[in-house]
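The values are calculated or read from the model by the stated rules, or taken from the named source; none is laboratory data. Here the structure is a predicted model, which is why all the values come from computation and not from measurement. Ligands, DNA and RNA are stripped out before the accessible areas are found, and what is left, the full protein with its side chains, is counted by its heavy atoms. Shrake-Rupley method; radii C 1.70, N 1.55, O 1.52, S 1.80 Å.
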Amino acid sequence: LPKDIPADVGQLRSRRGWHAGLAAAVVISTFAYSIGTYALNPRFYQAIIIRQELNVLSACWPVFLGVLAIQASHDGAHHAIARRRGIRLGWPLLLPSWRIGMFGSVTPFRSFPPNRSAVFDVCLSGPMTAMAVSLFFMIVGCYGTVHASSTALTRFPAIAAGSLRSSFLSASLLTFLI
């Protein structure tokens, strides 16, 4: 078997346009998602809809950067483990989602893995790392919410309790922290 997967140069150039276009769509959809997390906050809603103050959009940056950090950790773990195992990976193709900001990515293999164990390690490293980073962010967010002053809480995103309780993990974490 060949060591590398042959690539058609013309096909790679056309993919760059797709990658750039989807990356732009991910930035837009993720920022739209971060705005949506604040939609139930009355102060944010009044500032945007009634007073049309766009400066309150800066409050959305932590959610936006958090989603991007989780995805970056996911893809970074794939690439780190692949490098350790001697496998070449291509650039991840980001997938936008209006519901959750970003649906994830597809990362192509650019060389054949030496065995199934290497494939398993590369494929599992991304989701496990992203899950750990997500859990860390969730714990920090819950802890910060529980210990925030009432004035600070008026600037936080408002999330429906039903959506938090729909997940066993988040419901258990909230019960433990609150």
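Structure summary
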quantity: Normalised per residue, the volume of the convex hull around the Cα set of the chain (Å³); calculated: 136 Å³
quantity: Residue-level accessible surface for Tyr38, protein heavy atoms, 1.4 Å, Å²; calculated: 10 Å²
quantity: Within the accessible area of the chain (1.4 Å probe), percent carbon and sulfur; calculated: 68 percent
quantity: Gained length - Ile28 relative to Leu65, 0.36 nm times residue gap less alpha-carbon distance; calculated: 12.1 nm
quantity: Mean Kyte hydropathy of -1.0 or more with a Cα span along the axis of at least 18 Å, helices from DSSP in the chain; calculated: 9-37, 61-84, 116-146
quantity: Long-range HN-HN contacts of Leu93 with modeled amide H, under 5 Å; calculated: Val106, Thr107
quantity: Heavy-atom surface of the chain, accessible at 1.4 Å and reported per residue (Å²); calculated: 66 Å²
quantity: Enclosed volume per residue, in Å³, of the convex hull spanned by Cα atoms of the range 63-130; calculated: 75 Å³
quantity: Residue-by-residue Karplus 3J(HN,Hα) for the range 147-156, coefficients 6.51, -1.76, 1.60, Hz, glycine and proline x; calculated: 9, 7, 6, 5, 5, 5, 5, 5, 9, 7
